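The structure appears right after this line, and notes come after that.
The values are calculated or read from the model by the stated rules, or taken from the named source; none is laboratory data. Predicted model only: the values in this text are computed from it and were never measured. Virtual Cβ from ideal backbone geometry, glycine too; neighbours counted across all protein chains shown.
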Amino acid sequence: MDTSHLDISGLGVRRHARTAARCTLAGAAALFLIGASATADPSIRPDSRLIYVSSTAGDDANDGLSPASPKQTLAGAVDLLRNGYPDWLFLRRGDSWTEGFKPFDFSGRSDSEPIVITAYGPGDVSPMVIPSEPSNARPDEPNTYTFGIDFPAEQPNGGGGGGAGPVLVPGNGWLDSTDQPAAVGAQGDKGWDAKVIARWDVVPNQTFSGNFDIGVTAFHINGVDRVDFSVEGGPWVSVDETSVNPRTGVWEYWVTLDAGAFDDDGHIEVRAIAWPENAGIPRVLAGEFNDESAMLGEHSLELFANANGTLDPGEPIYVALSGNDDWPGTRDAPMATLRTAMRAIDDGGIIEIIEPGLYGVDPRADRPFERWTTIRSAANLDPAEVHIGPHEWDRMMLHANHIKFQDVAFDHAEIKEIDAQAPASMWSSPKLWFDRCEWFNSLGWTHTPSGYRPPARGWEGQRWVYSTDTSYRDMIYGPVSHLLVRNAHLERISGDMFQNSLMVVNSHSDHCGGAPIAHHTDVFQFMTPGYPVQGQNATNIIAYGVNVTNLRMAQTFFWRLANGTELKDAAFVNILSNVVEGAPPFSQNYSANNHVLFKHVTLIGQSFMMRKSDALEGQGYDPHNVSMSGCVFEQLTVTSFGTPMPEGVEINNCHFLRGVTYGDNASSGNDLSDLFLNADDGDFRPLADGCLSGRVEIGVGQDLSGHQRPQLAAVGALETE
């Protein structure tokens, strides 16, 4: 078999499972493994059939078995494939097809002898497959690779994502509520009374055209069996494993929405159900968005489809300090103030600031927007050049709903507090979104203004705040009481970092907790007085994929919930905390715990204390359905119980640097060089031949935030169960 004419260099250089392949390569014209794992580099086998196709030089009357006689259509070439054989299909470089590979009813012999679809011929322009229906682009059978093929129809379009997830088919609208399913398993099974921990990893009420990838992050003490999705009452689609959502960079359960699948532009509703494995209570994400459902995370996902462009934002209203509010707001004749622009903008519109400077927000705008209305800086400006601040006082009064700030900066020296209120015409709490913004205090991280409150915060069910791809530096607090924090970068935060925030994913904190302030500081803190709704349980909380490096004078974990409340249904997964220089000697778990998971948590330099004190009535550690697995602890300590860990806690596959060794399959030893690649330089990935190897899957997830954060990983930095 003569293969000297082929250029297939680079094929098989990655050997990941399907989910890892999608993580590393989503959206790129590189190796994709569809539907199986690859245990060896694929290669042409003696019984492989080589098939060629060229849209420009081919003919379906040709035999398709050599570069000199290629087929013309993908369908003609696919007809020559054999199910169960390691056949290779070559597409000529520089050619394109408007047909896709689906339906595709062929599978290779095995994961090491797959069907391979790749490129041949001269030049460096990859062949393109661009069907009108993007979901038909790729083959979807097991044991099938595609390599070196461009699928641009699957690339982001109007805010969309990779388009490689299962595409939801809409129904005719929801007629009824989605009921809570019965518990899985039987009473008495482990975790039978534990509800799945699950939240949308999506900011709601976005407008999208093309494909839009939406995901749910979910955990359970018994594992998650699947997450079911349905849009507008259409068929339920099950996703039974995690992979990286190319739109968010997060390992999660995700699907794709196609705006063109809906008859009309406008509001759509997506519902989801996260199911436990073997035993437990499913969590239904299908309620109306209100203060209670937002806190619980049990609301449906409401979005706006815009395939026909009827919801396009139109031309932005332009604002510049040199403008005039009597002008029309064009680029050549910009308005001068955000107040005038907000009064003039349509729902879902864009206000673009085209000159550096400080722009005040005036409460008299009073707009009841239903879709996100964006205030952003122009593309030629650095976000740090455009400051958003108060109009007259040191509080930034914002009487509007669904305001998205993008590519702008906020200086705490100028703003004591954001006083956000929904317009009087709307019953709901106001919603704010900080996307690719910069928060800082120009007077330094020890500066505490009189009457200060954390500006970038939600507050007791009266406002809901989202933060994506945003940095926080030289401040007292980071993002406080947010519904979602994703791809955040915190640096030099002297107070609490993620206080009371309900979902924190793919984020990094560095050199925080280092300035003396009046109270102790924490990374993850939940206390009854400060929780979003007074007297409620802290519940359905996710901290996932968070690296905390050079932590100083702060506790990693602090929970102190009283008066019968509890930390309930909470997952702390893939967390690295490297504590240095003068930090408190311990983190504290000082509350009732009901279904709380610690998975792949690495806590170096600080003990983790389970604390119970008879002197504080109604407070103290009281565990039920608590699991610690695949963790590395400096030390676990238990007060008031003695040495044995109390009932209600299972510990397995953990390593202890010092102190008592707990649980099954435990290991111990305090030499970090025996555990991690290079802990001295902040590389906490486990050694391939160390005692942590094989305990968990190793890797580092994508960082799509644009921040140059170090690529550090806790034990098992890719959670794929």
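Observations on the model:
- The requirement of being more than 37 Å from the chain's Cα centre (by Cα), on the phi < 0 side of the Ramachandran plot, part of a loop (DSSP other than H, G, I, E, B) and not polar (S, T, N, Q) is fulfilled somewhere in segment 71-80, by at least one residue.
- Which numbered condition ALA294 fails, given (1) touching a residue at least 60 places away in the same chain (Cβ under 8 Å); (2) surrounded by fewer than 17 Cβ atoms within 10 Å (Cβ to Cβ): (2)
- Positions within segment 317-348 being crowded, with 21+ Cβ neighbours inside 10 Å and under 22 Å from VAL203 (Cβ atoms), in sequence order: LEU338, MET342, ILE345, GLY348
- Filter result (over 11 Å from PHE633 (Cα atoms) and surrounded by 13 or more Cβ atoms within 10 Å (Cβ to Cβ)) within segment 655-665: GLY663
- Test: residue in segment 280-289 that is surrounded by fewer than 16 Cβ atoms within 10 Å (Cβ to Cβ) and either without any contact (Cβ under 8 Å) to a residue 12 or more places away in the chain or on the phi < 0 side of the Ramachandran plot (or both): yes
- Annotation note: of PRO103, PRO86, PRO114, PRO127, the sole residue that is within 33 Å of the chain's Cα centre (by Cα) and within 14 Å of ASP47 (Cα to Cα) is PRO114.
- Within the span defined as segment 711-720, every residue fails to be of a type outside the set (A, V, I, L, M, F, W, C), at pLDDT 75 or above and over 19 Å from SER577 (Cα atoms).
- Segment 469-491, subset modelled with pLDDT under 90 and of a type in the set (A, V, I, L, M), residue surrounded by the most Cβ atoms within 10 Å (Cβ to Cβ): MET475
- Given (1) modelled with pLDDT under 80; (2) closer than 17 Å to HIS600 by Cα; (3) not aliphatic (A, V, I, L, M), index of the condition ASP689 fails: (2)
- Taking segment 92-101 as the range and being surrounded by 16 or more Cβ atoms within 10 Å (Cβ to Cβ) and part of a loop (DSSP other than H, G, I, E, B) as the test, the residues that pass are ARG93, GLY94, ASP95, GLU99, GLY100, PHE101.
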